[in-house]
Amino acid sequence: MPIVDAVGSAVVSFTNTTQGHHKMTIRLSKAGKMPCRSWSLQALTTCPGSIGDKGTLVDACKGCYATQGNYRFPNVKQPRESNQKDWKRTDWVSDMVAELDNDRYFRWFDSGDVYSLKLAEKILAVMQATPWVKHWLPTRMNKFKKFHAVFAEMESLPNVVVRYSSDSVTGEVVAGRNTSTIVASLDSGNSNLTICESSTRDGKCGPCRACWNQDVSVIAYPAHGKTMLKLINLKEVA
Ligand code: SF4
């Protein structure tokens, strides 16, 4: 039975398993906005795709929500740091599959990214073994060629959307079957984009499941937070 602990707007559930003398845990979180649970890592340190050609953070990661607010609290950071070690366990895949027994939607990485090819292969195994769960995996790791084969295998599954994130904060899109970008406001003026309307529902997904829908090509998230809006204003002035 998972222990559930409320942490600010995030709820973290712990499932204890034992390996050797060490007690290891599957630690899932639930952001207030989302209709489902997530498995996450610490932002930026597990996001090699957040660094651009000039060696600095790409625009989309400059105002990253996962480095602000509740995400800075030690009790929210700790499960993410623990997960970075935990996925290496032999039983991690079977423990994740058991943990997802009653889930219908799942989001990988409400913070962090699939920084390791071995982790990507394990996540693929979880996806293959849980056809009753719709998986959404947002990532920038498509920038690295060695991930292309494993992402293609994930995308061949009917229950998976791998959504490549654009670095842009002004609506530019990247290649891929399913992608996302950031726009200044709800009124992007680009009819090719599906706008995330969570801001009209008190910041919640409500009945929308567009992020998990393979037929929704590009989702545009309206920018929020002072840092992001300032960045967009500077770009518009330039
Ligand atoms: S597009 Fe829909 S599913 Fe995706 S984050 Fe926005 S409200 Fe949630």
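The values are calculated or read from the model by the stated rules, or taken from the named source; none is laboratory data. Bear in mind that the values here come from a model prediction, so they are computed numbers and not experimental data. All Cβ positions, glycine included, derive from the backbone under ideal geometry; neighbour counts span all protein chains shown.
Looking only at the stretch 75-92, how many residues end up being more than 18 Å from the chain's Cα centre (by Cα) and within 8 Å of LEU41 (Cα to Cα)? Summing the residues that are more than 18 Å from the chain's Cα centre (by Cα) and within 8 Å of LEU41 (Cα to Cα) in the stretch 75-92 gives 0.
Within the stretch 208-221, restricting attention to residues that are assigned to a loop (DSSP other than H, G, I, E, B) and within 9 Å of the ligand (Cβ to nearest atom), the residue that is farthest from SER185 (Cα to Cα) is ASN213. Within the stretch 174-194, being surrounded by fewer than 14 Cβ atoms within 10 Å (Cβ to Cβ) and either without any contact (Cβ under 8 Å) to a residue 24 or more places away in the chain or within 18 Å of the chain's Cα centre (by Cα) (or both) holds for ALA175, ASP187, GLY189, SER191. Filtering the stretch 70-92 to residues that are free of Cβ contacts under 8 Å to residues at least 40 places away in the same chain and either among the hydrophobic types (A, V, I, L, M, F, W, C) or over 15 Å from ARG27 (Cβ atoms) (or both) leaves ARG72, TRP87. Screening PRO138 on (1) touching a helix residue (DSSP H, G or I) at 6+ places or on another chain (Cβ under 7 Å); (2) at pLDDT 95 or above shows it passes everything except condition (1). In the stretch 195-207, of all residues being under 19 Å from the mean Cα position of the chain (by Cα) and closer than 9 Å to LYS33 by Cα, the one that is farthest from the ligand (Cβ to nearest atom) corresponds to GLY203.
Could you check, for the stretch 169-176, whether at least one of its residues is under 17 Å from TYR65 (Cβ atoms) and part of a strand (DSSP E or B)? Steps first, answer last, please.
Start the filter on the stretch 169-176 by keeping residues that are under 17 Å from TYR65 (Cβ atoms), which leaves 169.
Retained after the next criterion (residues that are part of a strand (DSSP E or B)): none.
No.
State all residues of the stretch 93-109 that are in contact with a helix residue (DSSP H, G or I) (Cβ under 7 Å, 6 or more places away or on another chain) and closer than 16 Å to THR46 by Cα; if no residue qualifies, say none.
First, pick out the residues of the stretch 93-109 that are in contact with a helix residue (DSSP H, G or I) (Cβ under 7 Å, 6 or more places away or on another chain): 93, 96-97, 105, 108.
Answer for the stretch 93-109, where residues must be in contact with a helix residue (DSSP H, G or I) (Cβ under 7 Å, 6 or more places away or on another chain) and closer than 16 Å to THR46 by Cα: just TRP108.
For ASP215, the requirement of being over 20 Å from ILE51 (Cα atoms), modelled with pLDDT of 95 or more and acidic (Asp, Glu) is met. Is it the case that ARG89 is basic (Lys, Arg) and either within 29 Å of VAL174 (Cα to Cα) or assigned to a helix (DSSP H, G or I) (or both)? It is false that ARG89 is basic (Lys, Arg) and either within 29 Å of VAL174 (Cα to Cα) or assigned to a helix (DSSP H, G or I) (or both).
What about GLY176, is it over 13 Å from PRO138 (Cβ atoms), out of contact with any Pro (no Cβ under 9 Å at 6 or more places or on another chain) and not polar (S, T, N, Q)?
Working: over 13 Å from PRO138 (Cβ atoms): no; out of contact with any Pro (no Cβ under 9 Å at 6 or more places or on another chain): yes; not polar (S, T, N, Q): yes.
Criteria not met by GLY176.
If we scan the stretch 48-59, do we find a residue that is basic (Lys, Arg), within 16 Å of the ligand (Cβ to nearest atom) and at pLDDT below 90? Full working, then the answer.
Filtering the stretch 48-59 down to residues basic (Lys, Arg) leaves 54.
Next cut, within 16 Å of the ligand (Cβ to nearest atom) only: none.
No: zero hits.
Listed here are the residues, each with its yes/no results for (1) surrounded by fewer than 18 Cβ atoms within 10 Å (Cβ to Cβ); (2) among the β-branched types (Val, Ile, Thr).
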{"residue": "CYS196", "(1), (2)": "no, no"}
{"residue": "GLY203", "(1), (2)": "yes, no"}
{"residue": "ARG209", "(1), (2)": "yes, no"}
{"residue": "ILE219", "(1), (2)": "no, yes"}
{"residue": "ALA223", "(1), (2)": "no, no"}
{"residue": "LYS230", "(1), (2)": "yes, no"}
{"residue": "ASN233", "(1), (2)": "yes, no"}
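From the set of residues in the stretch 51-74 that are among the small types (Gly, Ala, Ser), surrounded by fewer than 21 Cβ atoms within 10 Å (Cβ to Cβ) and closer than 21 Å to SER166 by Cα, which is nearest to the chain's Cα centre (by Cα)? Please lay out each step first, then the result.
Going through the stretch 51-74, the residues among the small types (Gly, Ala, Ser) turn out to be 52, 55, 60, 63, 66, 69.
Checking which are surrounded by fewer than 21 Cβ atoms within 10 Å (Cβ to Cβ) leaves us with 52, 55, 69.
Add one more test, that the residue is closer than 21 Å to SER166 by Cα, and what stays is 52, 55.
Values: GLY52: 19, GLY55: 23 Å.
So, considering only residues that are among the small types (Gly, Ala, Ser), surrounded by fewer than 21 Cβ atoms within 10 Å (Cβ to Cβ) and closer than 21 Å to SER166 by Cα, the one nearest to the chain's Cα centre (by Cα) is GLY52.
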